[in-house]
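Student: Here you go, one structure.
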Amino acid sequence: MNVIRKEIKKALSQTKEELQALQKQLQPIVPECAIGTLSRFEMMHDQERIHSAYLLVKKRHEALIHALEHLDSPDFGRCEVCDEPIKIERLLAIPETRMCVRCASEAGL
Ligand SMILES: [Zn+2]
C-alpha cells in the first residue's frame, strides 16, 4: 500500500495547489460602473466556471484525504458496492476511488 500512499500524497499536493490557484481567481464582481455590461456578464460567467471547477477539485481533495485516512483499514481497496477488490492499476490512477471499474461504469462515473 506504500505505492498508493505515495500516489495519494502526490495527488493531494496537486489538488491543494489547484485549489489555491482557483481561489485566487475567485473574486467578487466589481461594480457595474467599472466595466461594461457585456464584460460584466462574461466575468460572472467566468466566475461561475471557476467556482464549479473549484468545487470539483475540492471534492476530489476531500476524497483523497478520506482515502489516506482509510489506507490502513481492511476495507481499503474494496469496492463499496460489490465488495470485490479494486484493481491496483485503478487505485494508482484514481487513489480516491471507492468503486471498482464495473460498478463505477454502471453508476455512470
Ligand atoms: Zn464493484
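Here, each number is a calculation from the coordinates, and none is a lab measurement. Remember, it's a predicted structure, so these values are computed and weren't measured experimentally. Here Cβ is always computed from backbone atoms with ideal geometry, including for glycine, and neighbour counts include all displayed protein chains.
Student: Roughly speaking, what is the stretch gain from residue 106 to residue 51, that is 0.36 nm per residue apart minus the C-alpha to C-alpha distance, in nm to one decimal?
Tutor: Extra length available between residue 106 and residue 51 comes to 17.0 nm.
Student: Could you work out the helix-only [θ] at 222 nm for the chain, with each DSSP H run of four or more residues adding -39,500 (n - 2.57) and the total divided by the number of residues, to the nearest 500 deg cm²/dmol?
Tutor: Dividing the helical sum by the residues of the chain leaves -21500 deg cm²/dmol.
Student: If the chain between residue 43 and residue 3 were fully stretched, how many nm would it gain, using 0.36 nm times the residue separation less the Cα-Cα distance?
Tutor: Contour length minus the Cα-Cα distance gives 10.2 nm.
Student: Could you name the lysines in cross-link range of residue 10, using Cα to Cα under 21 Å and dropping any fewer than eight places away on the same chain?
Tutor: Within reach: 58, 59, 87.
Student: Right, another one. Hey, what did the chain get for relative contact order, percent, Cα under 8 Å, at least 6 apart?
Tutor: Worked out over the chain, it gives 30 percent.
Student: Helix 2-25 versus the longest principal axis of the chain: what angle, 0 to 90°, nearest 10, using Cα atoms?
Tutor: That works out to roughly 10 degrees.
Student: Multiplying the sequence separation of residue 24 and residue 65 by 0.36 nm and subtracting their Cα-Cα distance, what value in nm do you get?
Tutor: Numbers: separation 41, 0.36 × 41 = 14.76 nm, distance 2.24 nm.
Between residue 24 and residue 65, full extension yields 12.5 nm more.
Student: How far is helix 37-69 tilted, in degrees, relative to the longest principal axis of the Cα atoms in the chain, given as a value from 0 to 90 rounded to the nearest 10?
Tutor: 20
Student: Give, as a single signed number, the net charge of other residues whose beta carbon lies under 14 Å from the beta carbon of residue 101, with Lys and Arg counted +1 and Asp and Glu -1.
Tutor: Result for the neighbourhood of residue 101: +1.
Student: Tell me, how many Å apart are the Cα centres for the range 36-83 and for the range 88-109?
Tutor: 15
Student: Per-residue HN-Hα couplings for the range 70-87, Karplus 6.51 cos²θ - 1.76 cosθ + 1.60 at θ = phi - 60°, whole Hz, x for Gly and Pro?
Tutor: 9, 4, 8, 6, x, 7, 5, x, 10, 5, 7, 9, 9, 6, 7, x, 7, 4
Student: Please identify every one of the GluC sites (Glu not before Pro) in the range 1-80 that sits in a loop by DSSP and has no more than 16 other beta carbons within 10 Å of its own beta carbon.
Tutor: Those satisfying the criteria are 80.
Student: Can you list residues from other chains, or at least 5 along the same chain, whose modelled amide H is less than 5 Å from the amide H of residue 78?
Tutor: Result for residue 78 returns 86.
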